[in-house]
Amino acid sequence: MVTSGDSNRVRTHHVVEDTRTPKWLRSCGPRCVGGRIPLLLWCGLAGAIGIGGSVGDVGAQDTTRARPLQAVRVTVTRESARSVLDLPFGASRVSIDSARTGIRRASLTEMLFNVPGLEVSNRYNPTQDPRLAVRGFGSRSAFGIRGVRVMRDGVPLTQADGQTAVDFVDLEGVGSAEVMRGAAGALYGNASGGVLELKSDPFPSRGFEPTVRYVANADATRLSASSAGSSGAFGWRGTATHNFGDGPRDYSEFRSTAFTGDASWRGSAGTLRAQLTRYDSPTAQNPGAVTAAELRTVPTVADSQNVLRRAGKEVGQTLLSLTGDRTWDAGSASATVFTGWRDLYNPLAFAIIGLDRRTLGVSTRVEQRGMMRNHLWRLSAGADVQSQRDDRRNFANCAGQATLPSLPNCPTVNQRGTESIHQLEKVASAGLFARGEVNRSVVTVTGTLRGDQTAFSVRDYRALYAVGGAVESRTMSAVTPMLGISLRARPTLAVYANIASSFETPTTTELANRPDGSAGLNRDLKPQRGRTLEAGVKGIVARRVFVDLAIFSIATRDELIPFEIPNSGGRRYFRNAGKTQREGGELSVSTTVGPMDLGGALTRLSYTYEDYRVGTTVLDGKKVPGVAPLSSSLFATARRSPGFFTVEMQQGARTAADDANVNYAPGWVLWNARVGVTQWAAAGVQPVIGVDNIFDRHYAANIVTNATRGRFFEPGAGRRVYVSVRVGRVSAR
């Protein structure tokens, strides 16, 4: 059992036991294995900071008594839950309510704060998702998430072509997040950087839990209501959330509503679970990026071209999934079927994009365990099949344009002008994977192998009308192995190493944006491939001090690099760099001192072009833009019944904004604080007051790499005071 909760109530949920972990370790739990670090320890290590809860299920605790917590388990291994010490690669787990007490659940940026090796950039743009980058992978993303696979409760949110939209994901019901850092994530398919899996809160073991959360600041309001319960073998939860506001910048109004339904039936040998998500966003304005001068003086200003062209987004999305699993004495099997619809109307400065997307997929997995000659072995295998069908139409954006004979693409006063592209884009991906593990005494050897094939095809309807049809197709494939070893130097300390490969295709949007403006697929664009060498140490090095250290070297060829063409209105195109090289390290240290939880994280990354030429320009030795060479974070949380107080720091180093390393985003340091009551009165009222960016710093929250017109920077929000109130009875789990 894992125990968590506040100072007045205790909540429990089941985890899978690791029979090789000593009993004393299994009973000491996150206080020993995944707790939090003191700032004094951080300073004493001369900048070597760590993450509270990055690899631990960190429970909120009563300062008047100690409660035993279980050792850390993660499930981003395509097997049943595994001890983090047996995994030969970087893996982090954040238990949201306990490790991130009092957060608003408004964005992944807030939720994944303090995970080493992971950079989450909040663009503060209601039309765009946050940018996730693991060890620099994912930094190319102009919108959405690239290079990192994203899942929720085992259901892929990443599409067949590798792109991920998370705007429709309501974080209100998310209980924990697990991050697989590095190329070992290739076990999940088309991704180079790793895997993020969001895990829903467990259902109540009995009774009924209605909750309401209200969050407000000067420019945004969020209201969420949820209800969860269980009866016998049946559990359910429904959550509805409404967001609206003006945003922290000019021209950033937004409004959205999300509903998530989750129901599960548990039998004696397995479970059946159904989930439904519905999202509607009729209003989201796009303020665009700013120049260096604007970032320093007026960071709230919007790009005048975006305002003139009424850039924004209207989107509706539905995702439906059904998962079944069955267990037996020495194994288990599971299967997931999912389907989704996404309708997008997206005016941009250079065009209006309309997209009608349909997705369908199946994932299966089977696992078997056993003993042979005193060796404990595990073997899992499975398959992933996905399809994606995009009906794409591009139109001239005539907003702010005069309807003159000299502008034949804008014949009327309507915003939408003549059609420039109408094509049907199809993607079909199939992958087979296997993972084997052998354990003997203190040594665990893990091997994985995956084969993928992704087929793209485009039917150009405009060519069909003119010449009888035009269909283009491309197929990309790869085999990605990984071999790793983990050695228990002590029962609570492991040393590991791995060698792994990765494979990542361009997305359909990246393939469809051809520099010459024509329809079809960019046939010059190749998938990027990488090889990773990684070694690390993780475990308890002193009483209540958990350390997770990883160093890595990653060689990538044909890396996908974004760029813009002058006078293109900000449209993003892509090309391949010959070779890039990443070398770096991640360190986390965590502990608890009395009633104080303290922690931090440090990532150091050297990310350079080894072989890259653009025309006659040689870029060898230049830094790859958009990736901070140094980033860190710290937090301190003091708990005393019935409340808490948290202080946080985030730092990012000076970062190149273009391939030539001429333009840079300045370094920055931010401080946040919040204070709240864990639970007040029998009704379960939990008020929180917080301040973000206490010193009102101007900084670039995200970088638009290789931008034209000097608009490289998406500013972060200034000082913002917010209030959050949660009301709801917490029943036992």
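Nothing in this text is a laboratory measurement; each read-out follows from the coordinates by a stated rule. If you're wondering where the values come from, they're calculated on a predicted model, not measured in any experiment. Methodologically, a virtual Cβ is constructed for each residue, glycine included, from the backbone with ideal geometry; neighbour enumeration extends over all protein chains shown.
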Exercise. Which of the listed residues, 270, 311, 242, is farthest toward the dipole's positive end in the chain, when Lys, Arg count +1 and Asp, Glu count -1 at the beta-carbon?
Worked result: 270
Problem set entry | Reach of residue 526 by Cα under 25 Å, taken over lysines that are not fewer than 8 positions away in the same chain | 426, 579, 622, 623
For this session: Highest first, please rank the peptides 473-479, 432-438, 137-143 by the mean number of other Cβ atoms sitting within 10 Å of their residues.
Result: 137-143, 432-438, 473-479
For this session: List the chymotrypsin sites (Phe, Trp or Tyr not before Pro) within region 627-695 that fall in a DSSP loop (any state other than H, G, I, E or B) and whose Cβ has at most 11 other Cβ atoms within 10 Å.
Result: 695
Exercise. About its Cα centre, what dipole magnitude does region 66-169 give when the only charges are +1 on Lys and Arg Cβ and -1 on Asp and Glu Cβ, stated in debye to the nearest 20?
Worked result: 140 debye
For this session: Could you size up the charge dipole of region 2-728 around its Cα centre, putting +1 on the beta carbon of Lys and Arg and -1 on that of Asp and Glu, and report it in debye to the nearest 20?
Result: 1360 debye
Seminar exercise, completed: residue 145 neighbourhood, Cβ < 14 Å, K/R = +1, D/E = -1, net charge -1
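Just to confirm a number: summing +1 for Lys and Arg and -1 for Asp and Glu over residues other than residue 171 whose beta-carbon lies under 15 angstrom from that of residue 171, what do you get?
Details: positive: 100, 104, 105, 152, 199, 213, 222, 237, 726; negative: 97, 110, 129, 153, 167, 170, 172, 178, 197, 201, 262.
Net local charge, residue 171 excluded: -2.
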For this session: Could you name the lysines whose alpha carbon sits less than 22 Å from that of residue 538, not counting residues in the same chain fewer than 8 places away?
Result: 23
Problem set entry | Euclidean distance of C-alpha centroids, region 623-700 and region 251-275, integer Å | 29 Å
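Once the other residues with Cβ under 10 Å from the Cβ of residue 612 are scored (Lys, Arg +1; Asp, Glu -1), what is the net sum? Don't skip to the end; give the middle numbers.
On the way: positive: 575, 579, 613, 622; negative: 559, 610, 611, 620, 659.
Computed value for this residue: -1.
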Exercise. For region 107-112, in order, what is each residue's ³J(HN,Hα) by Karplus, 6.51 cos²θ - 1.76 cosθ + 1.60 with θ = phi - 60°, in whole Hz (x at glycine and Pro)?
Worked result: 7, 5, 4, 6, 6, 9
Seminar exercise, completed: Contact order relative to length for region 2-728, counting C-alpha pairs under 8 Å separated by 6 or more residues, stands in percent at 13 percent
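Roughly speaking, what is the stretch gain from residue 412 to residue 269, that is 0.36 nm per residue apart minus the C-alpha to C-alpha distance, in nm to one decimal?
Values: separation 143, 0.36 × 143 = 51.48 nm, distance 6.41 nm.
Stretched out fully, the residue 412 to residue 269 stretch lengthens by 45.1 nm.
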Seminar exercise, completed: In deg cm²/dmol, rounded to the nearest 500, the helical mean residue ellipticity at 222 nm of the chain, built from -39500 (n - 2.57) for every DSSP H run of length 4 or more, is -1500 deg cm²/dmol
For this session: List, in order, the whole-Hz ³J(HN,Hα) value for each residue of region 537-549 obtained from phi through the Karplus relation with A = 6.51, B = -1.76, C = 1.60 and θ = phi - 60°; use x for Gly and Pro.
Result: 9, 8, x, 8, 9, 7, 4, 6, 10, 9, 10, 10, 10
Seminar exercise, completed: If the label point sits 7 Å along Cα→Cβ of residue 322, residues of region 248-286 with amide N under 20 Å come out as 260-278
For this session: Could you pull the Rg and Dmax for region 2-728, using just the Cα atoms, both in Å?
Result: 24.8, 84
